[in-house]
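Read-outs throughout are calculated quantities, based only on the coordinates presented, and are distinct from any laboratory measurement. The structure presented is a predicted model; accordingly, all values stated were derived computationally and were not measured. Glycine gets a Cβ as well: all are built from the backbone with ideal geometry, and neighbour counts include every protein chain shown.
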Amino acid sequence: MSPFLFYPLATMSVIFALSVVLAKSPVRSALGLVAVMAILAVQFAFLQAHLLAALQIIVYAGAIMVLFLFVITLLNLESDRGIGEKPKLSAIGFGAGAVVAGGLALAMLGVVEPAARAVALPEGFGTTAVLARQMFNRYFVAFELTSILLLVAVVGSVVLAKRTAAENSEGVTGA
Amino acid sequence: MSDALLFDWVIPGLKSFIVIFMVLNLAAVLLWIERKGSALIQNRVGANRASILGILPFNVGFLNTLVADPLKLFTKEEFVPDGADKFVHSIAPFLALFPAVVTMVAVPFGDTVEIMGRTVELQAVRLDVGVLYVSALVSMGVFGVALAGWASNNRWALLGSIRGSAQMISYELAMGVALVSMILFFGTLDLQAMVRQQAGLFLGVLPNWGIFYQPVAFIIIFTAGIAESKRVPFDLPECESELIAGYFTEYSGGKQASFMLADFAESVMVAGLVTTLFFGGWQVPYVTSGQGLQLPGMASPLVLPALAVTLMQVGTFMIKVLFFCWLQILIRWTVPRFRYDQLMNLGWKGMVPIALANLILTALGILLWGDMA
Amino acid sequence: MTIGLVHWLVLSALLMAIGAIGVVVRRNVLIIFMSIELMLNAANLAFVAGAHSLGLMHGQSIVFFVMTVAAAEAAVGLAVILALFRNRQTVAADEIALLKW
């Protein structure tokens with residue numbers, strides 16, 4: 001991937017990630033996160049992970065973030081003062097976070113680059129066929145377990161978010 | 001210009017520009033076709049009042065809708081309601097328009113063309129996950145609707161947008177499951193490969209199109225597509241005769257024009273998708289790329305020059321897309337709209353089980369008889 | 001200079017750290033949840049970059065599972081937040097710290 005593409009995309013993703021943390025309105029945070037996910041999908045495509053790029057948009061940006069937006073809209077959340085709510089603690093948090101970020105980045109810089117591959121990436125790397133073959137051969141048990149996990153999650157979220165009979169009978173004039 | 005620059009950047013850029021330009025223009029023309037088509041169905045004359053400074057001796061409705069309407073809309077003053085989030089209010093129409101327009105980039109509109117010795121596919125971007133790209137952009141379309149209502153600071157717009165986005169994600173599910181059965185059937189995610197597999201003849205007479213193999217999936221994808229673009233009979237979020245404009249009530253000027261364009265661009269997208277999957281895309285019946293015209297009963301094919309065949313194929317694609325756009329307009333002015341609970345029941349209790357049953361039967365069929373590839 | 005594994009890992013580390021800061025600093029439970037999703041995405045980026053660099057598909061398979069689990073977690077987590085809001089009428093993390101008041 002050429003540096004002319006990487007650096008702008010990386011800078012934009014960091015800026016949007018900062019907007020997730022710093023924005024006062026929850027909707028703007030959510031939009032920032034959608035932007036980060038879209039940029040990440042572009043980066044996945046450049047890293048020869050085509051199926052994952054499409055899945056990132058379909059699952060993450062198209063379903064999970066829509067769910068977030070629904071909840072924010074339904075709860076009618078207002079903007080709070082963001083990191084201005086508790087300035088001293090926020091400053092300590094940012095300071096510690098900067099130390100952690102610096103430490104992680106330094107640790108990553110020490111990673112030894114794998115020796116340049118003699119051959120190019122294997123045929124069909126990152127395509128649906130190859131990933132699907134992995135799912136059905138090597139990770140088959142995990143694949144089936146995740147489908148059960150999704151079923152459990154669906155049932156659980158419906159049960160959790162359901163209004164009880166008592167709340168329903170409170171009616172419009174209730175508290 | 002170096003070869004790499006020409007073939008890797010200039011030509012794909014040109015193809016994408018042409019496709020997006022055509023989609024936007026088609027959306028504008030569809031507005032006029034809708035007005036005239038609805039007039040024909042309702043036994044009236046339709047939009048025919050326009051003349052340039054009184055010069056033309058007759059009234060030309062086409063000029064009105066194509067030139068005067070967009071000019072008027074884009075030069076109107078744009079209000080942002082009091083207390084609304086300005087940034088989100090401004091970005092919502094763009095979020096609605098962008099996915100609808102960009103989807104057609106993955107749809108093939110022709111076979112190949114030889115330019116300076118290299119074959120160039122007549123498809124703006126050759127994606128090996130083409131169908132998933134279309135599905136992903138359909139999912140992204142929900143954001144425009146959800147944000148438009150919220151950013152209007154108007155509780156009725158908010159209601160309209162929540163209903164609209166709930167409707168869109170329900171029908172997106174049914175469309176996705178039906179798309180999976182088409183993926184299984186063709187054995188590939190690449191749209192150009194799917195179109196190429198629909199060459200040849202079915203039972204010796206009919207063209208080998210996807211509709212003859214998967215009629216149920218066609219009905220589901222077409223209906224779910226109409227529901228996605230919130231056209232009648234699924235247009236409760238924005239019904240023009242009951243609510244004022246639903247989720248885009250507080251929009252005026254260019255932003256409202258963007259929402260209208262997004263509506264028609266999505267119907268173009270649905271038409272393009274249905275054409276590619278079920279009606280052979282750019283395949284002209286009885287014409288093969290290398291050989292030419294061979295009607296059933298002809299002993300040997302009538303050889304046609306390659307350029308003529310390519311032009312026929314591109315023309316056939318456009319005719320098919322226009323036909324499905326026209327069909328959606330026809331359905332709009334014929335069928336009354338659904339009530340919201342009927343709509344959601346149809347989506348969840350009707351279409352998803354049918355799509356799942358179709359998927360299981362398709363998988364069985366492939367196990368017994370093998371797929372198209 | 002060519003973009004190698006180190007560049008991607010540094011970007012992933014930055015995004016992860018920003019997500020961690022978000023979890024610690026913000027008061028609104030929904031934004032904390034979004035920062036957690038940001039951290040998951042940063043991990044996904046690291047995995048995909050590693051898979052590309054080593055030429056093995058295992059990294060991408062793990063990302064597949066991370067996405068699925070994140071979807072399930074988001075659904076359940078948001079249902080919990082909805083139930084919480086119904087009970088306490090607030091989504092501020094420091095106002096729901098006590099079991100009984």
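Taking only complete DSSP H runs, can you tell me which helices of chain B stretch 30 Å or more along their own long axis by Cα positions and average at least 0.5 on the Kyte-Doolittle scale? Passing helices, by number: B:11-41, B:130-150, B:155-186, B:254-278, B:306-332. For region A:1-88, the dipole from Cβ point charges (+1 on Lys and Arg, -1 on Asp and Glu) about the Cα centre works out to 200 debye, to the nearest 20.
Can you compute the FRET efficiency between C:Leu54 and A:Tyr7 using 1/(1 + (r/R0)^6), with r the Cβ-Cβ distance and R0 = 22 Å? Round to the nearest 0.05. The calculated FRET efficiency here is 0.40.
So how many Å³ per residue does the convex hull of the Cα atoms of chain B work out to?
Values: hull volume 67.3 nm³, N = 373.
Dividing the Cα hull volume of chain B by its residue count gives 180 Å³.
Just so you know, the averaged projected area of the alpha carbon convex hull for region C:5-96 sits at 5.9 nm². When the charge dipole of the protein assembly as shown is built from unit charges on Cβ atoms (+1 for Lys and Arg, -1 for Asp and Glu) and taken about the Cα centre, the candidate among B:Ile360, B:Trp333, B:Val102 whose Cα reaches farthest toward its positive end is B:Trp333.
In the protein assembly as shown, a dipole from Cβ-located charges (positive for Lys and Arg, negative for Asp and Glu) runs towards its positive end, and of B:Leu201, B:Phe264, A:Phe140 it is B:Phe264 whose Cα lies farthest in that direction.
With the contact rule set at Cα under 8 Å and sequence spacing of 6 or more, what percent relative contact order holds for chain B?
Working: 564 pairs, mean separation 82.1, N = 373.
Answer for chain B is 22 percent.
Work out the length of the dipole vector of region B:98-217 about its Cα centre, built from +1 on the beta-carbon of each Lys and Arg and -1 on the beta-carbon of each Asp and Glu, and round it to the nearest 20 debye. Computed about the Cα centre, the dipole is about 360 debye.
Charges only on Cβ, +1 for Lys and Arg, -1 for Asp and Glu: so what's the dipole of chain A about the Cα centre, in debye to the nearest 20? Don't skip to the end; give the middle numbers.
Details: 10 positive and 8 negative charges, 32 e Å.
Roughly 160 debye, rounded to the nearest 20.
When only Cα pairs below 8 angstrom with a gap of at least 6 residues are kept, chain A shows a relative contact order of 19 percent.
Only helical DSSP H runs with n ≥ 4 go in: add -39500 (n - 2.57) per run for the protein assembly as shown, normalise by residue count and round the 222 nm mean residue ellipticity to 500 deg cm²/dmol.
Working: 22 runs with 401 residues, N = 649.
That comes out to -21000 deg cm²/dmol.
Put simply, the convex hull of the Cα atoms in region B:60-102 casts, on average, a shadow of 4.2 nm².
Using the C-alpha gyration tensor of the protein assembly as shown, what are the square roots of 5 times its eigenvalues, in whole angstrom, with the largest one first?
41, 34, 25
What is the Cα radius of gyration of region B:312-357 over 2.2 N^0.38 Å, N being its residue count? So region B:312-357 has a normalised radius of gyration of 1.66. Between C:Ala13, C:Ala79, C:Ala49, which gets the highest mean-square fluctuation from a Gaussian network model of chain C, Cα cutoff 10 Å? Comparing C:Ala13, C:Ala79, C:Ala49 in a Gaussian network model of chain C, the most mobile one is C:Ala79.
For region B:245-337, taking the reciprocal of the average inverse distance between every pair of different Cα atoms yields a Kirkwood hydrodynamic radius of 16.0 Å.
Taking chain B as a Gaussian network of alpha-carbon nodes connected by springs under 10 Å, the highest mean-square fluctuation of the residues B:Gly281, B:Gly292, B:Gly83 belongs to B:Gly83. Averaged over the residues of C:1-12, the number of partner chain Cβ atoms lying within 10 Å of the residue Cβ comes to 6. P(r) for chain A, from all Cα pairs and a bin width of 5 Å, is 1, 6, 8, 12, 14, 15, 14, 12, 7, 5, 3, 1, 1, 0, 0 %, short bins first. Take each uninterrupted DSSP H stretch in chain A, measure its Cα extent along the helix axis, and return the ones at 24 Å or beyond whose mean Kyte-Doolittle hydropathy is at least 0.0. Span-like helices in chain A: A:3-22, A:26-46, A:87-109, A:140-161.
Shielding of A:28-34 by partners, i.e. mean partner chain Cβ atoms within 10 Å per residue?
Details: counts 3, 8, 7, 6, 2, 8, 3.
Rounded to a whole number, the mean comes out at 5.
Computed with the Debye formula from one identical point scatterer per Cα of region A:1-82, without solvent, the log10 of I(q)/I(0) at q = 0.14 Å⁻¹ comes to -0.52. Among B:Ile91, B:Ile169, B:Ile183, determine the one that fluctuates most according to a GNM of chain B built with springs between C-alpha atoms less than 10 Å apart. Of the options given, B:Ile91 has the highest mean-square fluctuation.
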